[in-house]
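Student: Sending over a structure as C-alpha cells; questions will come in a sec.
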Amino acid sequence: LQSINILNEYMDMFGLNSRTGIEIGEAEPTIASPQNKENIIKWQNPEATSTQTRWTDGETIRAAIGQSVNNYTTAHMNKYIATLANGGTRYKMHIIDKVQYSDGTLYEQVDPEIENIADFKQANLDAIYKGMLQVTSGTRGTLRHIFRDFPIKVAAKSGTAQEVLTKSSHTLFVAYAPYDEPQI
C-alpha cells in the first residue's frame, strides 16, 4: 500500500483530491485509493467480498495511468496540466478574472490565488515535458498526425476515460502550449 499512498500524495499536490474552486457547481473528485475502491465496489455490490474489494499492486499501476477508481472533471484535468506546465504552482481555478459594469468600471477583480507550491525536481519535470511533446511530435506520438503541420510546439496527453462497459468511453486530450513557454 506504500506505493498508492505515495501516488495519492502527488495527486493531492496537483489538486486532484479537492474541488477546483471554479465559481460554478462541480463534482467532488475521486482519487484511486484502497478506501475509495472498497466504497465504490460495495456501493455497486453490497455483497462484494474482501477479495473483490482488496487493493492490489496492479490497481496501483492502473491508478498511475489514470484508470482504477479515479474520477475527475475536465476542470480538474486542466488545473492539473496548468500546475504541471508551470513547474508546480497550483492556483485556485476561476472562470472569470473580473466583472465590469456596462460603463467599464470595475465591479469585482479576481486575483490569482496560490493553493500549493510543489517542489518537483526539474529533471523529473523535464522528462514529463519531453514525453508530452513526443505525443504531438514524436515518431510514434498518438497525436503526431494532427499536430504535424501545427506552427506551435504543443505538449499533450491523450487518453480514454471509461465510465462503465455499457456506455461509450470518453476521449480525453489535455495540453499546454507553447512548449517552451507555456501560455495556454
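Student: ALA118's amide H: which non-local residues (gap 5+, or another chain) put their own amide H closer than 5 Å, with H modeled 1.01 Å from N in plane and none for Pro or chain starts?
Tutor: THR89, ARG90
Student: Another question about this same structure. First obtain the Kirkwood hydrodynamic radius of region 97-184 from its Cα pairs, then insert it into the Stokes-Einstein equation at 10 °C and 1.306 mPa s, and state the resulting D in µm² per second as a whole number.
Tutor: Stokes-Einstein gives a translational diffusion coefficient of 97 µm²/s.
Student: Where Rh denotes the Kirkwood radius from the mean inverse Cα pair distance, what is Rg over Rh for region 76-140?
Tutor: On the way: Rg = 17.0 Å, Rh = 14.4 Å.
Expressed as Rg/Rh, it is 1.18.
Student: Could I ask something else about it? If you place +1 on the Cβ of every Lys and Arg, -1 on the Cβ of every Asp and Glu, and leave all else neutral, what size is the dipole of region 50-184 about its Cα centre, to the nearest 20 Debye? Let's see the in-between values first.
Tutor: On the way: 14 positive and 14 negative charges, 145 e Å.
Charge dipole, region 50-184, about its Cα centre: 700 debye, nearest 20.
Student: Still on this structure, please answer the following. Give me the number: length gained by fully extending ARG19 to PHE150, i.e. 0.36 nm times residue separation minus the C-alpha to C-alpha distance, one decimal in nm.
Tutor: Separation in residues times 0.36 nm, less the Cα-Cα distance, equals 43.8 nm.
Student: Then there is this: How much area per residue is accessible in the chain when the probe is 1.4 Å and only protein heavy atoms are counted (Å²)?
Tutor: 67 Å²
Student: Something else about it: Expressed as a whole percentage, what fraction of the accessible surface of the chain belongs to carbon and sulfur atoms when a 1.4 Å probe is rolled over the protein heavy atoms?
Tutor: 52 percent
Student: Calculate the translational D of region 36-184 in whole µm² s⁻¹ from Stokes-Einstein, where the hydrodynamic radius comes from the Kirkwood formula applied to all Cα pairs, the temperature is 25 °C and the viscosity 0.890 mPa s.
Tutor: 132 µm²/s
Student: In nanometres, what is the gap between the two model label sites at GLN35 and SER102, each 7 Å from Cα along Cα-to-Cβ?
Tutor: 5.2 nm
Student: Could you compute the net charge surrounding ILE114? Neighbours are other residues with a C-beta less than 14 Å from the C-beta of ILE114; K and R count +1, D and E count -1.
Tutor: -1
Student: Could you name the lysines whose alpha carbon sits less than 24 Å from that of LYS121, not counting residues in the same chain fewer than 8 places away?
Tutor: Cross-link targets: LYS79, LYS92, LYS130, LYS153, LYS157.
Student: Could you give the DSSP H helices of the chain that reach 18 angstrom or more along their long axis (alpha carbon positions) and whose average Kyte-Doolittle hydropathy is no lower than -1.0?
Tutor: Once both thresholds are applied, what remains is 122-137.
Student: How big is the Cα convex hull of region 6-106 in projection, averaged over all directions, in nm²?
Tutor: 8.5 nm²
The values are calculated or read from the model by the stated rules, or taken from the named source; none is laboratory data. None of these values were measured; they are calculated from a predicted model. Every residue, glycine among them, receives a Cβ derived from its backbone with ideal geometry; neighbour counts consider all protein chains shown. Calculation scope for accessible area: heavy atoms of the full protein, side chains included, ligands and nucleic acids excluded. Shrake-Rupley method; radii C 1.70, N 1.55, O 1.52, S 1.80 Å.
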